[in-house]
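Everything below concerns the one structure shown next.
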Amino acid sequence: MSPTVTQEWLCQRIVAESSLAIIYGDQQGIIRLWNSGAEEMFGWQAREALGQSMDIIVPEKHRARHWDGYHKVMQTGVTKYGRSALAVPALRKDGSRISIEFFIVLVRDEEKKILGCAALISDVTARWEREKETKGKMAALESRIRELEKAA
């Protein structure tokens, strides 16, 4: 590593420039970090998102479940989404919905107390739409096969 490139600088550059949305929320779920990938994915500039509740990206009908899970993780320090992705709908600034998958990184202080969590988020809307279309085609084909079998 170059003498001018510190590990801290390198981490900052990776987070800042990642095409993945990287969001950090404190224990109360207030957004404290919002990278350029999050700006692109959700449409909110960092200056708009920082200090806001994560409700800006969580669809209203999913908020109660989101906050139940979030607070449980903050209390217990246990999440299965550090190793397995969670797929959920999300909101963009313009109100449109997207499908996302994310992993959680719990952030702890030196005494192992949880300070909050970071989410590494991918927009999987295009894949979800292709899978939905494929399932629809499969269902139509299966229905047609049943009709042909009945007619035979």
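How large is the accessible surface of R97 in square angstrom, using a 1.4 angstrom probe and rounding to the nearest 10?
The accessible area comes out at roughly 130 Å².
With each pseudo-label sitting 7 Å past Cα toward Cβ, what's the D26-D55 distance in nm, one decimal?
Roughly 1.7 nm, to one decimal.
How many nm is it between the label spots at R127 and E111, if each spot is 7 Å from the Cα in line with the beta carbon?
Taking the two extended label points, one gets 4.0 nm.
Return the label of the correct value of Rg/Rh (Cα atoms, Kirkwood Rh), as calculated from the structure shown, out of (1) 0.98; (2) 1.13; (3) 1.10.
(2)
What's the ranking of 116-128, 138-150, 48-60 by average number of surrounding C-beta atoms within 10 Å, highest first? Don't jump to the answer; show the numbers that get you there.
Values: 116-128: 18.2, 138-150: 9.5, 48-60: 16.2.
Top of the packing list down: 116-128, 48-60, 138-150.
Counting Lys +1, Arg +1, Asp -1, Glu -1, what net charge surrounds I57 among other residues with beta carbon under 11 Å of its beta carbon? Show your work: numbers first, answer last.
Working: positive: R63, R92, K93, R97; negative: D55.
Residues near I57 contribute +3 overall.
Which lysines have a Cα less than 21 Å from the Cα of K72, not counting those fewer than 8 places away in the same chain?
Excluding near neighbours in sequence, the set is K61, K80, K112, K113.
Rolling a 1.4 angstrom probe over the protein heavy atoms, how many square angstrom per residue are accessible across the stretch 1-126?
Values: 7780 Å² over 126 residues.
That works out to 62 Å² per residue.
Please build a GNM for the chain, connecting alpha carbons under 10 Å apart, and tell me which residue among G95, G77, G136 fluctuates the most.
Taking springs between Cα atoms under 10 Å, the residue moving most is G136.
So how much accessible area does F103 have, in Å² to the nearest 10, using a 1.4 Å probe?
F103 exposes around 90 Å² with every protein chain in place.
For the chain, with all protein chains present and a 1.4 Å probe, just round the carbon and sulfur fraction of the accessible area to a whole percent.
Working: 5680 of 10410 Å².
Roughly 55 percent, rounded to a whole number.
The values are calculated or read from the model by the stated rules, or taken from the named source; none is laboratory data. Since the structure is predicted, the reported quantities are computational estimates derived from the model, not experimental observations. With ideal geometry, Cβ positions are generated from the backbone for all residues, glycine too; neighbour counts draw on all protein chains shown. All accessible areas refer to the heavy atoms of the entire protein, side chains included, with ligands and DNA or RNA removed. Shrake-Rupley method; radii C 1.70, N 1.55, O 1.52, S 1.80 Å.
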